[in-house]
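What follows is one structure encoded as structure tokens, with my remarks underneath.
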Amino acid sequence: MFARSIQRQSDDVFLVDHGSLYLALQRLEENGSGRCENGGVSDNNRRARFYKLTAKGRNRLTDKTAEWKKIAGAMARILGAGESEA
């Protein structure tokens, strides 16, 4: 479901493989940035797992978001500069 949510929110730009997503969630757990809680059984008879960011994970997300916005802004300026020269 989470992979489909990412795809939908990005207007189909980001297609996330379920295997890659769960490996990333496991890494978050291993480095203390996230934790997993077991839930009930899903409709397809599989145990549901819920992932949450820890305080460390939220701080890291804030830092990485600011870093990404800085990079994205620089890229937008570079790409925009090329348009005015055309």
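The values are calculated or read from the model by the stated rules, or taken from the named source; none is laboratory data. All values reported here derive from a predicted model rather than from experimental measurement. Cβ atoms come from the backbone with ideal geometry, glycine included; neighbour counts cover every protein chain shown. Note: areas computed on protein heavy atoms with side chains; ligands, DNA, RNA excluded. Shrake-Rupley method; radii C 1.70, N 1.55, O 1.52, S 1.80 Å.
How many residues does segment 23-41 hold that are under 18 Å from Ile6 (Cβ atoms), in contact with a strand residue (DSSP E or B) (Cβ under 9 Å, 6 or more places away or on another chain) and open to solvent by 40 Å² or more (accessible area, probe 1.4 Å)?
3
Cβ contacts < 7 Å: first residue farther than 15 Å from Lys52 by Cα, restricted to segment 9-27; second residue open to solvent by less than 100 Å² (accessible area, probe 1.4 Å) and in a helix (DSSP H, G or I), any location; separation 6+ or different chain. Result?
Going by the 7 Å Cβ cut-off, the qualifying pairs are Phe14/Ile6; Phe14/Gln7; Leu15/Gln7; Val16/Ala3; Val16/Ile6; Val16/Gln7; His18/Ala3.
So is Asn44 open to solvent by 60 Å² or more (accessible area, probe 1.4 Å), in a loop (DSSP other than H, G, I, E, B) and not aromatic (Phe, Trp, Tyr) or not?
Yes; evaluated as a whole, the condition is true for this residue.
If I ask for residues that are touching a strand residue (DSSP E or B) at 6+ places or on another chain (Cβ under 7 Å) and surrounded by fewer than 12 Cβ atoms within 10 Å (Cβ to Cβ), which ones from segment 47-68 would you list?
From segment 47-68, those touching a strand residue (DSSP E or B) at 6+ places or on another chain (Cβ under 7 Å) are 47-54, 57, 61; that's our starting set.
Arg47, Phe50, Lys52 - these are the residues of segment 47-68 that are touching a strand residue (DSSP E or B) at 6+ places or on another chain (Cβ under 7 Å) and surrounded by fewer than 12 Cβ atoms within 10 Å (Cβ to Cβ).
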